[in-house]
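What follows is a short report on a single structure.
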């Protein structure tokens with residue numbers, strides 16, 4: 001907002017501004033004049049007005065829940081016993097490292113997210129490149145829209161639709177059997193295959209958008225220049241296109257990794273007993289009564305810390321000048 | 001372009017695009033097709049076709065109630081998230097603000113925390129504050145998730161706003177509030193519309209937050225999830241198809257609207 005103060009301006013003294021309609025009525029009313037005089041037209045009051053609500057919201061709701069989660073993760077019982085108050089301990093964190101039942105799914109979850117991220121990158125990169133550089137600008141919106149529309153269907157609907165494809169009597173198995181390739185259905189559902197198929201299906205968009213916007217910004221003249229200087233397609237890709245799309249790769253991979261570490265609906269519907277990953281473990285600790293909450297909170301803190309620091313490290317190592325979220 | 005691409009890479013790129021489109025559309029198409037199957041179970045091939053599942057869905061009280069409940073939550077979420085998001089964006093873009101980068105990072109925090117952790121920390125938070133699970137808690141959770149995206153969209157738009165627009169309004173006699181209402185808000189309209197559509201779509205689609213924060217009333221994703229778990233029939237497909245078609249129509253209309261207002 002502009003810094004000029006209003007009180008002494010000649011316009012106000014002449015009784016202007018004169019707005020027609022409801023704005024004029026509102027501005028003329030005493031209550032409005034009083035409020036504005038007190039709030040919006042004093043620099044200090046305006047600053048406070050601008051400051052208080054957003055900062056309260058951020059402090060309360062962006063930091064508050066994480067803080068409470070960290071606090072409860074250190075408690076030995078929750079709710080704290082009435083006598084003697086809260087009892088703080090590190091046992092919940094130690095339990096995680098002592099118990100393979102928790103530790104193994106965690107490692108599995110990290111590896112799973114890593115593989116999903118890599119696969120998504122390899123699948124989506126050529127697609128993003130095609131839309132950004134090969135499609136004529138006139139058709140570009142349409143080509144992009146065709147990729148976006150499936151993502152407007154919700155998480156559950158998309159996960160459910162994967163079952164249609166991969167179930168024992170789903171499209172793939174029925175087709176293969178009709179063609180005579182197999183006698184009995186291949187069990188694809190409730191395996192790592194169906195889980196990663198579903199997760200890639202859910203989150204490819206988070207890779208597509210950053211990659212597309214990074215590749216689109218690469219000037220065609222640079223690629224032309226490389227070609228004029230005798231670089232073949234492969235060399236042009238390795239020496240020009242890839243380095244210049246690094247920003248997109250870094251933010252796309254970070255987003256996909258963070259999302260697939262915490263994926264929740266897909267394992268419930270597409271995973272089986274052999275594919276238990278960490279989010280399911282955490283979620284079961286929050287079912288029912290609250291006596292397991294401290295453990296669940298501790299595991300959540302571990303997961304948050306590890307995934308955020310992995311991504312932070314990745315950005316530091318691979319990072320371009322600026323990594324944006326969107 | 002053609003001169004620099006021998007045909008082989010171009011064909012490969014084009015093939016990868018179309019294969020990816022097929023990958024994205026195939027499951028949803030199969031899901032829609034299954035909703036016309038005249039049998040009580042989900043299995044291919046489809047030999048008899050019927051519309052009766054749609055008739056059943058449109059009379060299903062549970063479904064209609066879930067639609068209403070989801071719309072209620074989405075509209076409240078959109079209202080709150082837009083107001084708070086714009087407010088935070090204005091604060092971050094204000095002149096002479098101290099710690100801008102830190103405020104921005106904190107404002108974006110809910111967007112980088114994995115969804116499950118977000119939901120669980122909110123579950124703990126509302127329990128500490130003695131807020132019951134249910135409508136209010138869901139709206140709070142959805143708003144928290146949507147705010148960072150509104151902030152980013154509004155900030156991007158604010159950055160391109162010429163400074164002298166406000167000055168001009170002030171010179172013409174508007175006070176700060178009027179200048180905000182009549183100049184800043186209209187200038188932000190494309191970002192606001194984009195942000196609101198994002199809020200509506202994410203709120204209607206959200207599963208994990210609703211799962212942990214919800215009470216006894218089911219939103220649309222919760223209802224579909226419960227039905228999938230309790231045994232599958234093509235009724236779910238019809239239900240999902242109705243939801244899918246309506247959200248896609250809203251999205252396409254919104255896309256059309258924002259594109260037109262941009263040019």
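The values are calculated or read from the model by the stated rules, or taken from the named source; none is laboratory data. Just so it is clear, the structure is predicted and the values come from calculations on it, not from any experiment. Cβ coordinates were reconstructed from backbone atoms using ideal geometry, including for glycine residues, and neighbour counts include every protein chain displayed.
Return the residue satisfying two criteria in turn: it lies in region B:208-236 and is crowded, with 23+ Cβ neighbours inside 10 Å, within 23 Å of residue A:167 (Cα to Cα) and within 8 Å of chain A (Cβ to nearest Cβ), and of such residues it is farthest from the chain's Cα centre (by Cα).
Only one residue tops the list, namely B:236.
Would you check which residues across region B:105-118 are more than 7 Å from every other protein chain (Cβ to nearest Cβ) and touching a residue at least 24 places away in the same chain (Cβ under 8 Å) and list them? Outline the logic, then answer.
Start the filter on region B:105-118 by keeping residues that are more than 7 Å from every other protein chain (Cβ to nearest Cβ), which leaves B:105, B:118.
Listed by number, the list holds a single entry, B:118.
Scan region A:123-158 for residues that are more than 8 Å from chain B (Cβ to nearest Cβ), farther than 30 Å from residue B:208 by Cβ and touching a residue at least 40 places away in the same chain (Cβ under 8 Å) and report the count.
Result for region A:123-158: 1.
Of the conditions (1) in a helix (DSSP H, G or I); (2) at pLDDT below 75, residue A:69 satisfies every one except a single condition; which number is it?
Of (1) in a helix (DSSP H, G or I); (2) at pLDDT below 75, only one is false for residue A:69: (2).
Here's a check for you: in region B:148-193, which residue that is under 29 Å from residue B:106 (Cβ atoms) and not in a helix (DSSP H, G or I) is nearest to the other protein chains (Cβ to nearest Cβ)?
This residue is B:163.
Among the residues in region B:42-57, are any away from chain A (no Cβ under 14 Å), without any contact (Cβ under 8 Å) to a residue 24 or more places away in the chain, within 17 Å of the chain's Cα centre (by Cα) and surrounded by fewer than 22 Cβ atoms within 10 Å (Cβ to Cβ)?
No, there is no match, as no residue in region B:42-57 is away from chain A (no Cβ under 14 Å), without any contact (Cβ under 8 Å) to a residue 24 or more places away in the chain, within 17 Å of the chain's Cα centre (by Cα) and surrounded by fewer than 22 Cβ atoms within 10 Å (Cβ to Cβ).
Limited to region B:16-41, what total is found for residues that are in contact with a helix residue (DSSP H, G or I) (Cβ under 6 Å, 6 or more places away or on another chain) and in a loop (DSSP other than H, G, I, E, B)?
1
Within the group B:64, B:129, B:90, which residue is facing chain A (nearest Cβ under 8 Å) and either in contact (Cβ under 8 Å) with a residue 40 or more places away in the chain or over 30 Å from residue A:109 (Cα atoms) (or both)?
Working: B:64 fails: facing chain A (nearest Cβ under 8 Å); B:129 fails: facing chain A (nearest Cβ under 8 Å).
One residue alone meets the criteria, B:90.
Quick one: which residue in A:175, A:166 is within 19 Å of residue A:116 (Cα to Cα) and over 25 Å from the mean Cα position of the chain (by Cα)?
Values: A:175 fails: within 19 Å of residue A:116 (Cα to Cα).
Residue meeting the stated conditions: A:166.
Does region A:159-168 hold any residues that are at the interface with another protein chain (Cβ under 7 Å from one of its Cβ atoms) and within 16 Å of residue B:22 (Cβ to Cβ), and which are they? Reasoning before the result, please.
Residues of region A:159-168 at the interface with another protein chain (Cβ under 7 Å from one of its Cβ atoms): A:160-162, A:164-165.
A:161, A:162, A:164, A:165, listed by residue number.
From the set of residues in region B:75-87 that are touching a residue at least 24 places away in the same chain (Cβ under 8 Å) and over 16 Å from the mean Cα position of the chain (by Cα), which is nearest to the other protein chains (Cβ to nearest Cβ)? Walk me through how you get there before you give the answer.
First, pick out the residues of region B:75-87 that are touching a residue at least 24 places away in the same chain (Cβ under 8 Å): B:75-78, B:80-82, B:84-86.
Going one step further and asking which of them are over 16 Å from the mean Cα position of the chain (by Cα), we end up with B:84, B:86.
Working: B:84: 5, B:86: 10 Å.
Among residues in region B:75-87 that are touching a residue at least 24 places away in the same chain (Cβ under 8 Å) and over 16 Å from the mean Cα position of the chain (by Cα), the one nearest to the other protein chains (Cβ to nearest Cβ) is B:84.
Count, please, the residues in region A:208-228 that happen to be more than 12 Å from every other protein chain (Cβ to nearest Cβ) and exposed (fewer than 12 other Cβ atoms within 10 Å of the Cβ).
Selection size over region A:208-228: 1.
Determine, yes or no, whether residue A:247 is over 30 Å from residue B:243 (Cα atoms), assigned by TED's automatic domain parsing to the domain that holds residue A:120, in a helix (DSSP H, G or I) and in contact (Cβ under 8 Å) with a residue 12 or more places away in the chain.
Working: over 30 Å from residue B:243 (Cα atoms): yes; assigned by TED's automatic domain parsing to the domain that holds residue A:120: yes; in a helix (DSSP H, G or I): yes; in contact (Cβ under 8 Å) with a residue 12 or more places away in the chain: yes.
Yes; evaluated as a whole, the condition is true for this residue.
Filter region A:169-192 down to the residues that are within 14 Å of chain B (Cβ to nearest Cβ), in contact with a helix residue (DSSP H, G or I) (Cβ under 9 Å, 6 or more places away or on another chain) and not in a loop (DSSP other than H, G, I, E, B), then identify the one that is farthest from residue B:29 (Cα to Cα).
The selected residue is A:173.
Just give me the residues in region A:286-326 being within 13 Å of residue A:258 (Cβ to Cβ) and modelled with pLDDT under 80, in sequence order.
Scanning region A:286-326 gives A:323, A:325.
From the residues in region A:250-275 that are outside any helix (DSSP H, G or I) and either touching a residue at least 40 places away in the same chain (Cβ under 8 Å) or outside the structural domain of residue A:211 (by TED's automatic domain parsing) (or both), which one is surrounded by the most Cβ atoms within 10 Å (Cβ to Cβ)? Let's see the steps before the verdict.
Residues of region A:250-275 outside any helix (DSSP H, G or I): A:262-264, A:271-272.
Checking the rest, the ones that are also either touching a residue at least 40 places away in the same chain (Cβ under 8 Å) or outside the structural domain of residue A:211 (by TED's automatic domain parsing) (or both) come to A:262-263, A:271-272.
Values: A:262: 25, A:263: 30, A:271: 22, A:272: 14.
Within region A:250-275, the match that is surrounded by the most Cβ atoms within 10 Å (Cβ to Cβ) is A:263.
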